[in-house]
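Derivation of every value follows stated rules applied to the coordinates shown; laboratory data play no part. On a predicted model such as this, the values are computed, not experimentally measured, just so you know. With ideal geometry, Cβ positions are generated from the backbone for all residues, glycine too; neighbour counts draw on all protein chains shown.
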Amino acid sequence: MKKFVLLLAFISLSFSSFSQNNRIDFFDLTRAFDWNQSEVDFEKKYNDRIIFNTDSIPDIHAATGNWLLDNVCIGKYETTTFVRYDAENQITVVFAFPTEINQEVCIDVKNIVNDELGNPDVYLNDASLASFNLAALGFEKGDLKIWALDSLSFILISAGDDEGEFIGIGATTPMDKDPDFREGFWGDSLADVKKKEGKADEFNIDGIYAFTTYVAGFECLAAYRFTDDKLTSGKYVFLNNTADNCIRNYEKLSHLLMKKYGEPAANNKQNLAESYERRIYTDGELVRRGKMKFETYWVTPFSMVAISLDGEQYQVALSIEYYSNKLRKEREEDILKDL
């Protein structure tokens, strides 16, 4: 799954009736949901729960691509709940947010979700919400919590300021997906990855399988890292970068990653140069001198992907790293052994 794509254009919808007899909890709905059913079968099954039109919108699905469901709750809170079938990415998403939102509701919903799902696999503070179409509501950044469970993946989005609050939760099912890093899936053994790659290990470092290769036309070192014989992270270290080409190379690779993973969770540029340095040196030279740094990262239910560009001792460092969300603790404990 590349990203959740939700059109939340109806935040102000209000419903005149909310039948207590037909209420269903969001988590009960998602766990009972047939994630393999077609959109046609879904419409037939949930016909009595789908809101097809309102006074202002004669055909909600035609206008938005979303199916709007009635009588779905989170705890005691009524919600606006959408189901979206994404044919392009072959995923289905169920997303809900309280119909009335304030600070107290946000706190309560967070507690309900945490009690239901436990500690998240990923927690991002002040992340970009560009992928969730919330800019129209005034929320460009917020907090993200992601749970990558065996049967379902959940994401909780919360944002707010002095002018308003937002909280919503989405669910989807893990599907057949591309490998997490090159040929490997998180948790694969070293022997399995070597068999898939078919390349000789060029460095013979314990817990690392690495070799030189090419990615997007760039020569690089590809390295798999294993913790207790389970793949937990991967990294590309790009070679032949100079002050003249490093910015261009970074931008090309970032663009390719954006095509695959969508809008990044963060896109940071740090400039530590003095004013006179900015006048006489190019950005690439500032990178080489360690005065300018770039980092962009993406988060999926399975992985965190980060590309970075910086300089140290007048050498340019350009790399892409992939981390397992589920095996984060094991990886961090393994890294601590090296310190």
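Quick notes on this structure:
- Where the alpha-carbon atoms of region 45-141 are placed on the principal axes, they occupy 38, 31, 27 Å, in descending order.
- Where Rh is the Kirkwood radius over Cα pairs, Rg/Rh for region 158-210: 1.34
- Taking chymotrypsin sites (Phe, Trp or Tyr not before Pro) as exposed when DSSP calls them loop and at most 16 other C-beta atoms lie within 10 angstrom, the chain has its longest site-free stretch at 53-184.
- Sorted from longest to shortest, the spans of the Cα atoms of region 187-317 along the three principal axes equal 53, 31, 26 Å.
- 0 to 90° range, to nearest 10: angle between helix 328-337 axis and the chain longest Cα axis: 30
- Free of any GluC sites (Glu not before Pro) that DSSP assigns to a loop and that have at most 15 other C-beta atoms within 10 Å, the longest stretch within the chain is 1-87.
- A full extension of the chain between Ala200 and Gln103 corresponds to an added length of 29.3 nm, given 0.36 nm per residue minus the alpha carbon distance.
- From the alpha carbon centroid of region 256-328 to that of region 47-70 is 43 Å.
- Measuring between their Cα centroids, region 188-254 and region 92-134 lie 35 Å from each other.
- Convex hull volume per residue for region 117-173, taking Cα atoms only, in Å³: 80
- When the convex hull of its Cα atoms is viewed from all sides, region 110-248 shows a mean projected area of 12.5 nm².
- The value of relative contact order for the chain, using C-alpha pairs under 8 Å at least six residues apart, is 13 percent.
- As an equivalent ellipsoid, region 81-191 spans semi-axes of 28, 16, 14 angstrom, where each value is the square root of five times an eigenvalue of the C-alpha gyration tensor, largest first.
- A Förster distance of 45 Å, applied to the separation of the beta-carbon atoms of Arg182 and Ser275, puts the FRET efficiency at 0.55.
- Cβ-derived FRET efficiency at R0 35 Å, Thr212 paired with Ala87, nearest 0.05: 0.35
- In the calculated pair-distance distribution of the chain, the portion above 31 angstrom amounts to 43 percent of the Cα-Cα pairs.
- Each helix, a run of at least 4 DSSP H residues, gives -39500 (n - 2.57); summed and divided by the residues of the chain, these come to -6500 deg cm²/dmol at 222 nm.
- FRET efficiency, Asn114 to Asn268 (Cβ-Cβ, R0 35 Å, nearest 0.05): 0.80
- Between the helical axis of 246-261 and the longest alpha-carbon principal axis of the chain there is an angle of about 30 degrees.
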